[in-house]
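Input: a single structure, listed below in structure tokens.
The values are calculated or read from the model by the stated rules, or taken from the named source; none is laboratory data. On a predicted model such as this, the values are computed, not experimentally measured, just so you know. Glycine gets a Cβ as well: all are built from the backbone with ideal geometry, and neighbour counts include every protein chain shown.
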Amino acid sequence: MKVEERAQLINQYREGITLVEDALQGVSEAELDYQPTPERWTIRQIIHHLADSEITSGIRLRRLLAEESPDIISYDQDYFAIALRYNLRPIESALQLYKWVRTTTLEILEFMDVEQWNRKGNHSEIGEYSATLWLQLYAEHGINHARQIRANREAFERSKR
């Protein structure tokens, strides 16, 4: 991967924090718990997912950098939502956790060298898994969920009409 492409992905990763925070500006309790369809998550669930996903992804990157060929295990995000009571918990600490884990991971990304970008492990679902692939997968994660939050809020507004 070219340096410019990597820098763009790191900027997208960084932008995820701001976009999620912006999407939540002025959100009401009713909006947090609005579920557009039975198979879609509420905003509350999305925020908890972001926090847990960020913890998991941050550990994955750290293991890639600090261990030789680590095994990276997948997890069932839908089961996490149920087992960890995403639908009941307040979002403030989860939002802060998302922000701070992502921020500390950004600090790591800024100092990685070429050798570190090419370090590999084995993902239980994907197979060969490098730090570069990690960045490609997570760069848009926050951006995509910020879009989902906005879409949920728009659907909530339409439902009131």
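For this structure, a couple of remarks:
- Restricting attention to segment 38-56, the residues that are in contact with a helix residue (DSSP H, G or I) (Cβ under 9 Å, 6 or more places away or on another chain) and part of a loop (DSSP other than H, G, I, E, B) total 3.
- Qualifying residue in segment 78-90 (condition: hydroxyl-bearing (Ser, Thr, Tyr) and over 27 Å from Glu31 (Cβ atoms)): no
- Count - residues of segment 26-37 that are at pLDDT below 95 and in contact with a helix residue (DSSP H, G or I) (Cβ under 7 Å, 6 or more places away or on another chain): 1
- Some residue of segment 137-149 being out of contact with any Phe, Trp or Tyr (no Cβ under 7 Å at 6 or more places or on another chain), acidic (Asp, Glu) and surrounded by 15 or more Cβ atoms within 10 Å (Cβ to Cβ): yes
- The set of residues in segment 62-79 being small (Gly, Ala, Ser) and touching a residue at least 12 places away in the same chain (Cβ under 8 Å) consists of Ser69, Ser74.
- Residues that are farther than 17 Å from Ile91 by Cα, charged (D, E, K, R) and touching a residue at least 40 places away in the same chain (Cβ under 8 Å) within segment 35-56 comprise just one, Arg40.
- Subset tally (residues that are in contact (Cβ under 8 Å) with a residue 60 or more places away in the chain and either within 12 Å of Lys99 (Cα to Cα) or not in a helix (DSSP H, G or I) (or both)) for segment 15-34: 9
- For segment 57-76, taking the residues that are surrounded by fewer than 14 Cβ atoms within 10 Å (Cβ to Cβ) and under 16 Å from the mean Cα position of the chain (by Cα), the one that is nearest to Ile126 (Cα to Cα) is identified as Ser74.
- Unmet requirement for Phe111, which otherwise passes all of (1) farther than 26 Å from Leu32 by Cβ; (2) touching a residue at least 24 places away in the same chain (Cβ under 8 Å): (2)
- Answer from Ile59, Ile82 - the residue that is outside any loop (DSSP other than H, G, I, E, B), free of Cβ contacts under 8 Å to residues at least 12 places away in the same chain, among the hydrophobic types (A, V, I, L, M, F, W, C) and farther than 22 Å from Trp134 by Cβ: Ile82
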